[in-house]
Structure formats: C-alpha cells, structure tokens
Amino acid sequence: MTKAYTLQEATRKLENYCAYQERCHHEVVRKLKSMRMIPEAIDQITVHLIDNNYLNEERFAKSFARGKFNIKKWGRKRITAELKQRQISRFNIKTALQEIDENAYLETFDALARKRVVQITEKNRLKRRKKLADYLLYRGWESHMVYEKIKELVP
C-alpha cells in the first residue's frame, strides 16, 4: 500500500525532487501520478513549481542538451529525439541545441569517430564502415557527417 500524501507533503516532496536535478513537466506529472495524486492536485502542484521556479522547461532542455553532449557525446539528432520523447516544445528544443558550440560539436564528433575506428577490430572494410556508421548514427550524429567521416577514416 502506497502512502497517501497531503497537498503540502506532495508539494514539498516535489520541490525537493525538482531542486535535486532539473526536471521536465512530463517527469513531474509522472511522479505525482505514481504518488496517486488526483488531477486537480497535479495541476495545482505543477503551477506552484513553475511559479516558484522549481520547474522550467527551457532550463531543463538546455541543461539536458549540454549534459548529453558533453558527457555522453550525443549528436543533435539523438538529443532532439530524447527531448521530443519528454514532450519538450519545438521552440525549447531549438533553444537547447543552441547551447552546443559548433566548433566543440565538430571536434567532439571527429574525436569520437577517430577513437571508435581504432577500437573496431573487424578486418573486412565494408563491415568496419558499417560498424562505425552504426555507432555514430546510434549516438545521434547527422548522417551526412557520418558518411563523410567514414570515407575519410575507412577509405
């Protein structure tokens, strides 16, 4: 049996939830539903979190994009897809992607591709190319960049 929360308890719990790490509206609503809060309470708490700056979709999107690029080395396509999955608006996705410096983006892509091509032990040239392509595309790098880099690294 899950604990029943009062509006104040749930609000405090969600303030802490949002203060610990940036969250999107989707995550907050899911958390409140898991706490068995009624729709009116969910709306009220969500409005409170937004009004008190615990919940900010643009800030979340920017932080998410920076983190996934810098730490996980994801490309723009993967970041965009993940943000869409979290129901972030197209405007906020566009704003978030502007957080990524173009030079850093290209340097990271080059370094990632070069590091990966050395790790691939496959002798067959076509299989090597496919493995490198699969790796980079899965990470969300743009296909035109991937195929040009493959021509360069696995001639």
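Yes/no matrix, rows are residues, columns are (1) in a loop (DSSP other than H, G, I, E, B); (2) within 28 Å of residue 24 (Cβ to Cβ):
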| residue | (1), (2) |
| --- | --- |
| 78 | no, yes |
| 88 | yes, yes |
| 93 | no, yes |
| 96 | no, yes |
| 111 | no, no |
| 115 | no, no |
| 130 | no, no |
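Criterion first (within 20 Å of residue 140 (Cβ to Cβ) and under 11 Å from the mean Cα position of the chain (by Cα)) does residue 60 satisfy it?
For residue 60, the condition - within 20 Å of residue 140 (Cβ to Cβ) and under 11 Å from the mean Cα position of the chain (by Cα) - is met.
Quick one: in the range 1-54, which of the residues that are among the β-branched types (Val, Ile, Thr) and more than 26 Å from the chain's Cα centre (by Cα) is surrounded by the fewest Cβ atoms within 10 Å (Cβ to Cβ)?
Among those residues, the one meeting the criterion is 2.
Considering only the range 57-92, state which residues are within 26 Å of residue 148 (Cα to Cα) and aliphatic (A, V, I, L, M).
Matches in the range 57-92: 65, 71, 79, 81.
Values quoted throughout were computed directly from the atomic coordinates according to the rules given, and no laboratory measurement underlies them. Keep in mind it's a predicted model, so treat the numbers as computed, not measured. Please note: Cβ atoms are built from the backbone with ideal geometry, for glycine as well, and neighbour counts cover all protein chains shown.
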